[in-house]
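A short worksheet on the structure shown next.
The values are calculated or read from the model by the stated rules, or taken from the named source; none is laboratory data. Here the structure is a predicted model, which is why all the values come from computation and not from measurement. All Cβ positions, glycine included, derive from the backbone under ideal geometry; neighbour counts span all protein chains shown. Accessible surface areas use protein heavy atoms only, side chains included; no ligands, DNA or RNA. Shrake-Rupley method; radii C 1.70, N 1.55, O 1.52, S 1.80 Å.
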Amino acid sequence: MADRMSLIVFSGTVDKLLAASILATGGAAMGMEVEVFLTTWGLEAFRKDAYKTNMRVSKDFEDYAPAMMEAMQTKHAPSWMENFLSAREVGEVKVYACSMTMELFVSNSKTWNPSWMT
Amino acid sequence: MADRMSLIVFSGTVDKLLAASILATGGAAMGMEVEVFLTTWGLEAFRKDAYKTNMRVSKDFEDYAPAMMEAMQTKHAPSWMENFLSAREVGEVKVYACSMTMELFVSNSKTWNPSWMT
Amino acid sequence: MADRMSLIVFSGTVDKLLAASILATGGAAMGMEVEVFLTTWGLEAFRKDAYKTNMRVSKDFEDYAPAMMEAMQTKHAPSWMENFLSAREVGEVKVYACSMTMELFVSNSKTWNPSWMT
């Protein structure tokens, strides 16, 4: 049985989504079965096209946000969404949506992007 | 031996307390031995009656706070405190207070609500 | 084989660094092999001398920051940096720096303090 990685993504700030997406990519590349559970603000971040305009960075470090965004552009670092898509290409990655969050904020499989949630 | 769930509750925002309380409820309902360790802002949230007025939502997503509070009221969603109380009714849930936080912020078993900490 | 403790330090606020440092100290004192992985804002907090001026407290609870800082001074509580140094004195503690963060924010072993990273 393959090793497994389970991630709970609660936050929807770019810095935390980036960290989660790098873990998912690494796990998938190592042949692990990766499960990603999206809840609360983490699920909101997956709303269709939301990732294109999401510039949220943790308020605790928002003074670093411009430097972070600029460094990522200059170094052509892949975005968190690109990382998650790569992870799904190279390995077995399942993404789950929290049903309670869906009910609370009125979302469903059609409101997500990309539409690859389980 | 029953499966165990250990939760460390560090934050005291309503969104995170809600997530922790749902995990505790689910664990208790599945017959797990649930242990909850309250520290720093998570312990402050359990001060007597504090839960009645605590409207803190993660600053990273505070623009969502009114929508979240309204949705919870409209849908009669149980509060995080109600969830924790339910968890204790249906299963074995132990709640521990961090002694270092108690010392730092001067609290004791009489300052908590409810008074069911170990 | 000794028990192991793995910590991922993502945040660089004093409250969270304090919690991580207490876990590291406790693990080291119990004879565990402690591994600390510093990433994103957690690595920034280890920049040389940064700990001397870092007064960041989680924005969600920044109204508590003055009380927290004052209580720590009054009670002579050790800082998070002192805790990490103590942990390394009493046990086996390895600290790793995230290479992606290093690349993004341009840091290296000479920019850290103390210079005991692996």
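Computed quantities for the displayed model
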{"quantity": "Top-ranked residue of the stretch A:25-59 - restricted to ones that are touching a Ser or Thr at 6+ places or on another chain (Cβ under 9 Å), assigned to a helix (DSSP H, G or I) and open to solvent by less than 50 Å² (accessible area, probe 1.4 Å), ranked as nearest to the other protein chains (Cβ to nearest Cβ)", "calculated": "A:41"}
{"quantity": "Number of positions in the stretch C:80-99 that are among the hydroxyl-bearing types (Ser, Thr, Tyr) and part of a strand (DSSP E or B)", "calculated": "1"}
{"quantity": "Residue in the stretch A:102-111 that is open to solvent by less than 70 Å² (accessible area, probe 1.4 Å) and either at pLDDT 95 or above or of a type in the set (Lys, Arg) (or both) present", "calculated": "no"}
{"quantity": "Some residue of the stretch B:82-92 being of a type in the set (S, T, N, Q), in contact with a strand residue (DSSP E or B) (Cβ under 6 Å, 6 or more places away or on another chain) and either open to solvent by less than 10 Å² (accessible area, probe 1.4 Å) or away from chain C (no Cβ under 11 Å) (or both)", "calculated": "no"}
{"quantity": "Selection within the stretch B:1-20 - assigned to a strand (DSSP E or B), within 14 Å of chain C (Cβ to nearest Cβ) and open to solvent by 30 Å² or more (accessible area, probe 1.4 Å)", "calculated": "B:6, B:8"}
